[in-house]
Amino acid sequence: MKNSWIVAKRDLGSFFNSPIFYVVTTVFLILYSFIFINILNFFSMQSMQSGQFQQMGMGLNINEMVIEPSFQNMAVILLLIIPIITMRSFAEEKKSKTFRLLLSSPVHLKEIVFGKFLACMIVVTLMVLLSSYSIGFLFFISEPDIGPVLTGYLGILLMAGCYVSVGIFASSLTENQIVAAVITFGFSLFMWVIGWGAQTADSATGQVLQYLSIIEHLDRFLKGIIETSDITYYLSFIIFGLFLCHRALDSNRWR
Amino acid sequence: MIEVENLTRYYGSRRAINNLSFQIEKGEVVGFLGPNGAGKSTTMNIISCILPASSGTVKINGFDTFEQSLEIRKIIGYLPETPPLYPDMTVAKYLDFAAGIRGVAAKRIPASVERVLDKCSLKDVGHRIIGRLSKGYQQRVGLAQAMVHDPEILILDEPTIGLDPIQIIEIRKLIQELAAEHTIILSSHILPEITQICKRVIIINEGEIAAVDSLGGLTASLRKSDRISLTVRNSDDTIIEKLNNLDQVLSVSSEEEDQFFIECALRSNLQDDIAKLALENHWGIIELKPVSMTLEDIFLKLTLEEKEPAA
């Protein structure tokens with residue numbers, strides 16, 4: 001664990017020393033804020049209208065109409081942005097031959113893999129935290145239910161963990177950062193849309209496809225429900241990705 | 001201290017090293033010598049636990065590089081061919097990281113970094129970004145990285161590659177200083193380097209050991225004749241003939257008009273006779289000296305001799 005932290009600390013240093021973190025975070029915040037403002041405007045417009053027609057006000061709920069869609073959109077932006085954060089992890093180390101320093105040091109390979117994961121997760125968490133100004137603002141102007149907000153953040157971070165885990169695995173496969181990013185993006189998106197197959201498949205296959213879908217498990221978190229099966233799904237997804245990454249790096253030494 | 005036994009490594013179907021066996025004692029400075037692609041780096045990578053061997057074992061202090069690699073990694077400092085430097089870090093921060101990852105206890109890190117900064121004369125550039133340093137300084141940072149945890153064994157893969165002559169001399173001096181306290185394995189395809197630093201040479205060619213010996217031993221075992229060079233002021237056609245007539249002279253050749261190479265029997269010490277001859281004939285000696293066999297000669301001889309039977 002101590003060794004993982006040493007690896008993570010170095011990676012974080014290089015994130016904050018390079019423009020990547022600042023550019024990625026800025027782009028993320030601008031996109032997210034724009035979408036959030038639009039959702040909020042739409043909600044306030046509906047509120048205004050419902051002021052005129054009493055019966056329309058029935059379904060208005062700031063948790064369901066602002067916070068939930070904001071989280072859903074954040075999930076999409078993270079899908080686009082996390083591959084950029086994870087692509088360097090191993091690809092750059094291998095390309096610049098610095099990986100040999102880690103390999104010849106008295107650390108387990110799994111500690112290195114976890115350190116890399118930790119660094120990317122800290123960066124993503126920081127970005128998500130920065131974006132929380134928006135939800136915080138809602139607490140000033142209204143009275144949203146805090147439960148679904150907290151479980152929503154938990155869900156978003158678990159889902160981001162899956163992307164990061166895929167990203168680190170992809171990065172361990174190649175020396176080329178672009179290739180790593182494209183694989184990460186492609187695979188994450190695939191795991192997202194895999195649930196769509198459920199509509200046309202027979203019921204058994206459909207259920208499997210639906211369970212496999214990354215986004216399917218987020219929905220319950222956003223509604224304020226923590227289910228063991230969702231947490232199990234995300235955690236096993238993350239661990240499996242890190243396991244594959246470890247295997248890929250290890251087998252690389254034999255070739 | 002280091003025992004290598006029947007070490008073989010394949011990359012795919014290509015065999016990089018074949019059946020290497022040798023031993024290195026504590027405190028020795030050993031040179032790996034061989035042309036590019038001979039398997040020097042592969043051997044070093046296996047000793048530093050980066051690559052597993054396809055077959056054969058390496059034992060260091062009784063620990064196996066495959067089974068107990070963590071123990072070994074604690075006592076090894078490795079400088080790969082390309083120094084593993086993060087160009088966006090400052091020298092001091094990088095060495096901090098290297099010390100941490102190489103297992104130096106957190107409390108002792110500042111002192112360790114201070115020590116190697118001092119030893120590698122990096123004090124002045126400690127706060128600078130590695131990517132902006134000259135190649136010579138980068139190489140020194142690479143060396144500092146390898147010794148920050150004060151390892152018993154230093155493995156240096158071509159430490160002077162790509163440096164200018166002054167930098168080469170500096171790095172060599174540094175390695176010679178280190179030799180007092182560490183066991184060092186050094187690889188190079190530049191021969192004089194090995195002559196200056198190493199006491200024992202392991203010559204690797206096409207993945208196999210061509211020779212293991214001290215430098216003197218190598219020269220002696222390969223030498224079938226002594227060689228003397230003579231340079232004169234007034235050369236004439238008869239010189240070669242007259243030299244040839246001397247006792248124990250095997251052959252005389254001349255590459256330039258006034259320089260002659262005399263091959264003579266081992267330990268015949270013909271200098272006196274040649275000088276006498278030169279004085280009698282008024283050739284006017286400019287230079288008369290024995291030519292010792294260089295590592296280049298040894299190297300070529302060994303590697304070429306190895307090849308012939310195969311062809």
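The values are calculated or read from the model by the stated rules, or taken from the named source; none is laboratory data. Given the structure is predicted, the values throughout are model-derived calculations rather than measurements. Glycine gets a Cβ as well: all are built from the backbone with ideal geometry, and neighbour counts include every protein chain shown. For the accessible areas, the whole protein counts, side chains as well, though only heavy atoms, and no ligand, DNA or RNA atoms are used. Shrake-Rupley method; radii C 1.70, N 1.55, O 1.52, S 1.80 Å.
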Considering only C-alpha atoms, what is the centroid distance from the stretch B:132-187 to the stretch A:113-152, in Å? 48 Å
For the stretch A:108-121, Karplus-derived ³J(HN,Hα) couplings (6.51, -1.76, 1.60; θ = phi - 60°; whole Hz; x for glycine and proline) come out as 6, 4, 5, 5, 5, 4, 5, x, 5, 4, 4, 4, 5, 5
Starting from the Kirkwood Rh over alpha-carbon pairs, what translational D in µm² s⁻¹ does the stretch B:1-115 have by Stokes-Einstein at 20 °C and 1.002 mPa s? 135 µm²/s
Tail fraction, Cα-Cα pairs, the stretch A:1-89, threshold 17 Å, whole percent: 63 percent
Suppose we compare each residue of the stretch B:64-97 in its chain alone and in the full protein complex with a 1.4 Å probe; which ones drop by at least 40 Å² of accessible area? B:L70, B:R73, B:T82, B:P84, B:Y86, B:D88, B:F97
With bins of 20 Å, the percent of all Cα-Cα pairs of the protein assembly as shown per bin from 0 is 17, 36, 25, 13, 6, 2, 0
Hey, got the Cα dimensions of chain A along the principal axes, in Å, largest first? 71, 48, 30
What average count of beta carbons from other chains do you get within 10 Å of the Cβ of residues in A:15-22? 1
For the protein assembly as shown, what does the accessible surface come to per residue with a 1.4 Å probe? Please give it in Å². 47 Å²
Taking only Cα atoms of the stretch A:82-149, radius of gyration then Dmax in Å: 18.5, 56
Peptides B:227-236, B:74-83, A:201-210, A:172-181 ordered by average Cβ neighbours within 10 Å, highest first: B:74-83, A:172-181, B:227-236, A:201-210
How large is ³J(HN,Hα) for each residue in the stretch A:96-105, as worked out from phi by the Karplus curve 6.51 cos²θ - 1.76 cosθ + 1.60 (θ = phi - 60°), to whole Hz, x for Gly and Pro? 8, 6, 6, 4, 5, 4, 5, 5, 8, 8
Can you give the mean number of other chain Cβ atoms that lie within 10 Å of the Cβ atoms in peptide B:40-50? 2
B/A buried area, accessible surface, summed, 1.4 Å probe, Å²: 2500 Å²
With a 1.4 angstrom probe the carbon and sulfur portion of accessible area for the protein assembly as shown, in percent, totals 58 percent
When the convex hull of the Cα atoms of chain B is projected onto a plane and the area is averaged over all directions, what value comes out in nm²? 20.1 nm²
Which aspartates and glutamates, if any, have their Cα less than 19 Å from the Cα of B:K135, not counting same-chain residues under 8 positions apart? B:E81, B:D88, B:D118, B:D124, B:D157, B:E158, B:D164, B:E170, B:E193
State, to one decimal in nm², a quarter of the convex hull surface area for the C-alpha atoms of the stretch A:139-231, i.e. the direction-averaged projected area. 8.2 nm²
State the Kirkwood hydrodynamic radius of the stretch A:110-154 in Å, one decimal place, computed from all pairs of distinct Cα atoms. 12.3 Å
